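Enquirer: Below is a structure I'd like to ask you about.
The values are calculated or read from the model by the stated rules, or taken from the named source; none is laboratory data. Remember, it's a predicted structure, so these values are computed and weren't measured experimentally. With ideal geometry, Cβ positions are generated from the backbone for all residues, glycine too; neighbour counts draw on all protein chains shown.
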Amino acid sequence: MMQDLANYRLPSDWTPGAPRWKLALWLLVGQVLLASELPGTPWRRWLLISFGAQIGNGCRLKPRLRVKFPWRLVVGDHCWLGENVWIDNLAPVTLADRVCLSQGAFLCTGNHDYRSPGFDLTVGPIQIGAEAWICAKASLAPGTEVGEAAVIGLGAVASGRVAPGQIMAGNPAVPVGQRQARESAPGPSILIVVPTLDSHSLLPRLVASLRAQTFPHWRVLFIDGPSSAEHRACLQQLCASDQRFSWQEQDPATPGIFGAMNQGFAQANPSDWLLFWGSDDWAASPTALEQAAAASTACDLLVGQGRYASLDANGEPMPGRRTAFRWRHSYRLSLFLGSTPPHQATLIGPGSRQQLACYTPGFRLSADLDYFLELSRSEGLRVKLLPVELVQMAVAGISGVQHRRRLQEVRRAYRRAFGLLWWCPFLLRYLQRAGSAVRPRLRGLNSRGEAEPCPDC
């Protein structure tokens, strides 16, 4: 017999490390509270320490955190333990200072000897060095030692020893790069993710507006769907002529515009600020990114303003309706009252991505609304409004079609965020947008003699 589970026994030299009463109290009460949806770091820290864990100062402990045995957990100062992190510490787990465990990270210290008919338990401690990052859905095998400032990439499975500063990806994880501090960049860096699909004719205005920027620390990543050879040739030519532009093929397993955006999430550096544009969007002024970078201190989400624009017969933009986030005392209350940050003018900072690493799959048209709503649940989220027009957007595209599906997705997003009160922000959202459509008609034509564009659904 290869695997006689009926006769499985725990090894005689292994124990849970605590008396039975303490183990029972943890399993029945402590572990249930720790893994709950209730927000709050201070009480989670107190709970873990009460059961024997060592937790440093300045840590962030998110809902749905799971720890097998807190008395075998050591966490340094200013560490982040994200939602759905699972620390299965049959053996000790030690985190040095400033370690980040992103959503769904799995630290596994137990294994079984598959060569033994008794399926014998084997355990190995896990040690993670200072400033290391275990990305969302990544897994560490028993006995893994992660060096200082190393990165275990999205969904990677690492084992053994990971050298300091090494970037690992894949299953099994292999080195794909070396982490380096951006000492030459005194300010933040901005990654602009642009999904494309045979849209090369629209890109010159976007490219020109970025090349005119006074802020130097930006780069663009095109995520390209199944486009034609002509489109791909244009992308390759652009990226070869300017190293600030790069492109990669969209993963067929994650189709759609928000699938492409999620691919952009995964490609961002930990310190990047993310901005999502379409092929027909462009910077509103040469100083737009500079003003955004200057305002990005001490916040996790930077919400700017945008403006829709139509094109005249000569292809010149004619500014139309402005889009902005209406602030009402707090971020979550503003969302409840029907306002939404315009995603093309909203920079998603490292702090936001630590709270929520990607858009929720299943949304085709309203994943951005769902993301901003889910983000509002995050404790201590710092949101800043920037009264600057960052982007101009062409009046057209998918946002103006598929109204029925959009309504369904908007309703679903509000239900996820506000439960039975979903109808209130839903109605307020569309009342405000109806008002935006009516006001230009009441005022008459705009200064160019053209009717202002109507809002999207």
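Enquirer: If the requirement is being among the basic types (Lys, Arg), in the same structural domain as Ser159 (by TED's automatic domain parsing), outside any helix (DSSP H, G or I) and under 27 Å from the mean Cα position of the chain (by Cα), which of these qualifies: Arg64, Arg9, Arg44?
Expert: Arg64
Enquirer: Then there's this: Hey, can you tell me all the residues within the range 33-58 that are crowded, with 21+ Cβ neighbours inside 10 Å, within 21 Å of Leu375 (Cα to Cα) and not charged (D, E, K, R)?
Expert: Leu34
Enquirer: Additional query: With Leu365, Leu369, Leu390 as the choices, which residue is buried (at least 21 other Cβ atoms within 10 Å of the Cβ) and closer than 30 Å to Ile134 by Cβ? Walk me through it before giving the result.
Expert: Details: Leu365 fails: closer than 30 Å to Ile134 by Cβ; Leu390 fails: closer than 30 Å to Ile134 by Cβ.
The conditions single out Leu369.
Enquirer: Where residues in the range 281-303 are part of a loop (DSSP other than H, G, I, E, B) and in contact (Cβ under 8 Å) with a residue 12 or more places away in the chain, which of them is surrounded by the fewest Cβ atoms within 10 Å (Cβ to Cβ)? Before you say what the answer is, go through the steps one by one.
Expert: The first filter runs over the range 281-303 and keeps only residues part of a loop (DSSP other than H, G, I, E, B), leaving 284-287, 296-300.
From what is left, the residues that are in contact (Cβ under 8 Å) with a residue 12 or more places away in the chain are 284-287, 296, 298-300.
Working: Ala284: 22, Ser285: 17, Pro286: 14, Thr287: 15, Ser296: 20, Ala298: 8, Cys299: 18, Asp300: 21.
Out of the qualifying residues, it is Ala298.
Enquirer: Which pairs do you get when a residue that is within 20 Å of Leu356 (Cα to Cα), found in the range 63-79, comes within reach of a residue that is hydroxyl-bearing (Ser, Thr, Tyr) and surrounded by fewer than 16 Cβ atoms within 10 Å (Cβ to Cβ), reach meaning Cβ atoms under 7 angstrom, with the pair 6+ apart or on two chains?
Expert: Listed by first residue and then by second, the contacts come to Pro63/Ser36.
Enquirer: For the range 165-178, how many residues meet the condition of being within 22 Å of Arg98 (Cα to Cα) and surrounded by 18 or more Cβ atoms within 10 Å (Cβ to Cβ)?
Expert: 5
Enquirer: Now, a different point. Within the range 101-143, which residues are more than 30 Å from Asp4 (Cβ to Cβ), outside any loop (DSSP other than H, G, I, E, B) and not aromatic (Phe, Trp, Tyr)?
Expert: Within the range 101-143, Leu101, Gln127, Ile128, Ile134 meet the criteria.
Results for (1) without any contact (Cβ under 8 Å) to a residue 40 or more places away in the chain; (2) touching a helix residue (DSSP H, G or I) at 6+ places or on another chain (Cβ under 7 Å); (3) in the same structural domain as Thr196 (by TED's automatic domain parsing), shown as yes or no for each residue.
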position	(1), (2), (3)
Ala253	yes, no, yes
Phe276	no, yes, yes
Gln305	no, yes, yes
Ala309	no, no, yes
Gly315	yes, no, yes
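Enquirer: Of the conditions (1) within 28 Å of the chain's Cα centre (by Cα); (2) surrounded by fewer than 13 Cβ atoms within 10 Å (Cβ to Cβ); (3) charged (D, E, K, R), Arg20 clears all except one; give me its number.
Expert: (1) is the only condition that Arg20 fails.
Enquirer: Looking at Ala91, Ala136, Ala130, which one is buried (at least 19 other Cβ atoms within 10 Å of the Cβ) and over 18 Å from Trp14 (Cα atoms)?
Expert: Result of the check over Ala91, Ala136, Ala130: Ala136.
Enquirer: Can I ask one more? Mind telling me which of the residues Gly259, Gly278 ends up being within 23 Å of the chain's Cα centre (by Cα), assigned to a helix (DSSP H, G or I) and crowded, with 17+ Cβ neighbours inside 10 Å? Steps first, please.
Expert: Working: Gly278 fails: assigned to a helix (DSSP H, G or I).
On inspection, the qualifying residue turns out to be Gly259.
Enquirer: Quick test for you: out of Leu301, Leu235, Leu311, Leu289, pick the one residue that is touching a Lys or Arg at 6+ places or on another chain (Cβ under 8 Å) and aliphatic (A, V, I, L, M).
Expert: One residue alone meets the criteria, Leu301.
Enquirer: Another question, if that's okay. For the list (1) touching a residue at least 60 places away in the same chain (Cβ under 8 Å); (2) crowded, with 20+ Cβ neighbours inside 10 Å, I need the number of the one condition that Val220 fails.
Expert: Just one mismatch for Val220, condition (1).
Enquirer: On the given criteria, is Ala212 touching a Pro at 6+ places or on another chain (Cβ under 8 Å) and either more than 16 Å from Trp282 (Cβ to Cβ) or not β-branched (Val, Ile, Thr) (or both)? Lay out the reasoning, then the answer.
Expert: Working: touching a Pro at 6+ places or on another chain (Cβ under 8 Å): yes; either more than 16 Å from Trp282 (Cβ to Cβ) or not β-branched (Val, Ile, Thr) (or both): yes.
It is true that Ala212 is touching a Pro at 6+ places or on another chain (Cβ under 8 Å) and either more than 16 Å from Trp282 (Cβ to Cβ) or not β-branched (Val, Ile, Thr) (or both).
Enquirer: Moving to a separate point now. In the range 136-151, what residues are closer than 17 Å to Ala96 by Cβ and in contact (Cβ under 8 Å) with a residue 40 or more places away in the chain?
Expert: Result: Glu148, Val151.
Enquirer: Follow-up question, since we're still on this one. Taking the conditions exactly as written (among the hydrophobic types (A, V, I, L, M, F, W, C), more than 24 Å from Gly380 (Cβ to Cβ) and in the same structural domain as Ser366 (by TED's automatic domain parsing)), does Phe325 satisfy them or not?
Expert: Details: among the hydrophobic types (A, V, I, L, M, F, W, C): yes; more than 24 Å from Gly380 (Cβ to Cβ): no; in the same structural domain as Ser366 (by TED's automatic domain parsing): yes.
Criteria not met by Phe325.
Enquirer: Going through Leu390, Leu375, Leu347 one at a time, which residue ends up being in contact (Cβ under 8 Å) with a residue 24 or more places away in the chain and more than 16 Å from Leu191 (Cβ to Cβ)? Break it down stepwise before answering.
Expert: Details: Leu390 fails: more than 16 Å from Leu191 (Cβ to Cβ); Leu347 fails: more than 16 Å from Leu191 (Cβ to Cβ).
None of the others qualify; the one that does is Leu375.
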